Each structure stands twice: as structure tokens, then as C-alpha cells.
Amino acid sequence: MNQTIRVAVIIPAYNEEASIASVVSAVHAASSDSIQLTPVVVNDCSKDSTKEIIGSLNCVALNLPINLGIGGAVQTGIKYAFDNGFDFCVQIDGDGQHPPQFIPVLEKELVANNWDVAIGSRYIEKEGFQSTFMRRTGIQYFQFLLKLITSENVTDSTSGMRMMNRKTMKLLYAYYPDEYPEPEALIIYNRNGLKFGEVPVQMNERMGGQSSIQGFGAVYYMFKVTIAIIFTYLRQ
Amino acid sequence: MERIQIIAIIGSLCFLGYVMWQIKKGKLREEYAFIWILSTFVLIVLSVWRNALEILAHTFGVIAPPNLLFAGALFAVLIYLLHLSLTVSKLQYENKTLAQELALLKQKIDKKEKA
């Protein structure tokens with residue numbers, strides 16, 4: 001008995017008209033008979049033509065009427081995946097940073113290790129796009145902070161490429177952080193007794209769009225995430 | 001009654017009238033109106049009964065009575081601001097949930113129309 005595994009590929013998109021079509025077709029290309037991938041594009045009230053483009057693509061198009069930020073957009077996708085009975089959902093970026101051919105790898109590792117969440121990490125085998133020195137330093141700081149309070153070692157805590165099972169979806173259905181959710185979500189998993197681990201993946205440089213984290217935003221990011229990590233840990 | 005007292009009382013009454021007018025128009029919820037009516041009441045009492053502040057200051061051991069007024073007012077404003085922040089956070093959460101529901105429902109309708 002070999003049942004097809006259904007995976008919802010959540011692609012949050014904010015002003016991604018340049019790259020969204022190729023990301024969706026790359027998802028279809030990575031789909032197979034054993035693992036069926038359904039692209040779920042969450043348009044976070046883009047100002048460009050993202051809405052029109054995803055309307056003509058072969059994907060599930062969720063158009064938010066107001067801009068919710070990355071966390072709110074991803075949570076919309078998680079709600080869709082949970083309500084529509086998908087076995088797993090995985091988040092990949094709309095700017096082409098996460099190659100979809102690693103999705104089956106994440107799924108295999110998640111099932112083999114009996115994890116609830118599998119995280120794609122750039123920094124295990126250190127291949128592919130490694131980001132700038134400043135960002136790597138920030139990520140190492142989070143690695144230290146997370147190890148300190150959860151004793152889990154996560155090399156790429158800001159990685160958005162995550163696959164989760166239905167148990168995790170149900171948890172995040174109720175609460176998912178709005179801004180910069182990735183490191184904070186790790187604490188949520190830890191506090192709720194979910195098992196997670198990292199899988200080596202390669203990432204690309206973004207094809208279009210701009211990072212939300214630069215300049216003064218980077219300082220705010222570090223501060224906000226540190227506060228969020230500590231308070232999420234203290235919350236029961 | 002001194003001139004400043006009369007000005008203070010008229011000012012407080014105008015403020016009270018404005019608050020009540022907003023409630024009447026349905027623009028201000030009663031739960032928020034309560035705190036504004038209460039603070040107007042305190043202002044009127046302090047304007048009419050000038051010794052009240054000195055008596056209170058003496059009771060709390062404050063040397064200069066106006067300082068008690070400033071400290072009290074500042075503290076009340078801070079607490080009220082915190083309350084407003086909490087309200088905004090709650091509204092933001094509810095707003096987010098509604099937007100998500102809407103996007104999910106729109107997708108369902110679009111799918112039905114296409115089929």
C-alpha cells in the first residue's frame with residue numbers, strides 16, 4: 001500500500017511579480033507520484049501585479065485584503081493546509097531562495113527521524129549561498145541564545161524553509177508570530193514538546209525583491225527577536 | 001470664588017459636555033467614557049474644593065501639593081496608555097484572523113466559480 005503524500009507548499013509573496021511564476025513552476029517540477037506538491041501562494045496584499053499573476057498560475061491563490069506581514073501570511077497558508085487535509089506543509093520563500101527539489105529530502109528526513117518539524121539549513125554542509133558576514137554573525141548569536149535556553153542546536157534558526165506535520169500545523173493554527181517568526185517558532189516547538197531537526201539544503205541568492213532586514217531594521221530585528229525568544233520561553 | 005476656579009470649572013464642564021456628546025453620537029464606547037467622566041469629576045471637585053489637594057498632599061506626606069497632582073495625573077495617563085496598547089494588540093489579532101478567514105473564503109468561492 002503506497003499512498004501518495006500530499007504536501008502544501010506555502011509561498012508567502014509580497015511584491016514578488018518578478019519571481020513568483022518561476023517559483024511555482026519549480027514546485028510543480030519537484031512534484032512526483034509519491035510526493036504530490038501543491039503550491040499555495042499567499043499574496044500579502046502586494047502593490048504590484050502579484051495578484052493577477054498568481055490568478056493565472058496553476059496554484060492555490062490566497063489573497064489577503066490587508067498586509068499582515070510574513071508571519072500572518074504563512075499562518076494563512078498553514079490554516080489552508082490544515083483545513084484541506086494535507087499530510088504536511090512546507091514553507092518556501094517567494095523570491096526563489098529555497099530550491100523546491102529539497103522538499104522531498106525534508107519529507108524523508110522528517111519521517112525517518114520521527115520529527116514534527118524539519119528545518120532546511122544552509123550551514124550544516126556550508127554549500128550554496130551563505131549570506132553576508134553580518135547575517136551569519138546574527139544567526140550565530142541566535143544559535144547561542146537558543147542553545148542556552150532550549151539546549152537544542154539549530155545552526156540556521158532564521159531559515160524559513162520548514163516542513164511540518166499536522167500536529168505542528170494545529171499548534172501554529174492557534175498562534176504564530178507576525179514579525180520575524182522563524183527563531184521564535186523554534187521556542188514554540190520546544191515549549192510544546194515537538195521534535196525538530198535540521199536537514200542540509202542549499203539556498204540561492206534572491207532573484208528579486210529586497211530583504212526586510214537591513215540597516216536600522218537589523219538592530220530592531222535582533223532586539224525584537226531576543227525579546228520574543230525570552231518571553232515565549234517564559235510563557236506557559 | 002477666585003477667577004482661576006471659575007475658569008477651571010467651566011473648562012471641566014465643557015470637557016464633560018464634549019465627552020457626553022460623543023457618547024450620545026455613539027462614537028465613544030461607554031466603557032471608555034467611564035474613565036473620562038470620572039477624571040472630569042475629579043477635576044471639578046478639585047476646582048471647587050481648593051483645600052482638598054492640600055489635605056491629600058499632607059496625608060501622603062508630599063511637601064508641595066501640586067507635585068501630588070502631577071504625579072497622580074502622570075500615573076493615571078500611563079496606566080490608561082497601557083490599557084490602550086493592550087486594546088490595540090487585541091484588535092490587531094482579531095483583524096488578522098478576519099483577514100485570513102476572508103482570504104480562505106475568497107479562495108473557496110473562486111474555486112467553485114471556476115468549476
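List of remarks:
- Qualifying residue in segment B:91-112 (condition: away from every other protein chain (no Cβ under 14 Å) and under 22 Å from the mean Cα position of the chain (by Cα)): no
Table: residues versus (1) under 16 Å from the mean Cα position of the chain (by Cα); (2) surrounded by fewer than 22 Cβ atoms within 10 Å (Cβ to Cβ); (3) within 13 Å of chain B (Cβ to nearest Cβ); (4) modelled with pLDDT under 95.
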{"position": "A:Ile54", "(1), (2), (3), (4)": "no, no, yes, yes"}
{"position": "A:Gly96", "(1), (2), (3), (4)": "yes, no, no, yes"}
{"position": "A:Pro104", "(1), (2), (3), (4)": "yes, yes, no, yes"}
{"position": "A:Phe129", "(1), (2), (3), (4)": "no, yes, no, yes"}
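- In segment A:171-207, of all residues being in contact with a Leu (Cβ under 8 Å, 6 or more places away or on another chain) and under 30 Å from A:Ala18 (Cβ atoms), the one that is surrounded by the fewest Cβ atoms within 10 Å (Cβ to Cβ) corresponds to A:Asp178.
Table: residues versus (1) within 20 Å of B:Met1 (Cα to Cα); (2) surrounded by fewer than 12 Cβ atoms within 10 Å (Cβ to Cβ).
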residue	(1), (2)
B:Trp21	no, yes
B:Leu28	no, no
B:Ala33	no, no
B:Ile44	yes, no
B:Leu53	yes, no
B:Gly61	no, yes
B:Leu69	no, no
B:Leu84	no, yes
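- Taken over segment A:119-144, the criterion of being part of a helix (DSSP H, G or I) and more than 27 Å from A:Phe88 (Cα to Cα) is satisfied by A:Phe133, A:Met134, A:Arg135, A:Arg136, A:Thr137, A:Gly138, A:Gln140, A:Tyr141, A:Phe144.
- Residues (at the interface with chain B (Cβ under 9 Å from one of its Cβ atoms) and surrounded by fewer than 21 Cβ atoms within 10 Å (Cβ to Cβ)) located in segment A:38-52: A:Cys45
- Exclusive hit being at negative phi and in contact with an Asp or Glu (Cβ under 9 Å, 6 or more places away or on another chain), set B:Lys96, B:Lys106, B:Lys90: B:Lys96
- Subset of segment A:56-80 (residues that are within 11 Å of another protein chain (Cβ to nearest Cβ), in contact with a strand residue (DSSP E or B) (Cβ under 8 Å, 6 or more places away or on another chain) and of a type in the set (A, V, I, L, M)): A:Val60, A:Ala61, A:Leu62, A:Leu64, A:Ala73, A:Val74, A:Ile78
- Yes/no for A:Gln97 being in contact (Cβ under 8 Å) with a residue 40 or more places away in the chain and not in a helix (DSSP H, G or I): yes
The values are calculated or read from the model by the stated rules, or taken from the named source; none is laboratory data. Worth saying up front: this structure is predicted, and the values here are computed from it rather than measured. All Cβ positions, even for glycine, are placed from backbone atoms using ideal geometry, and neighbour counts span all protein chains on display.
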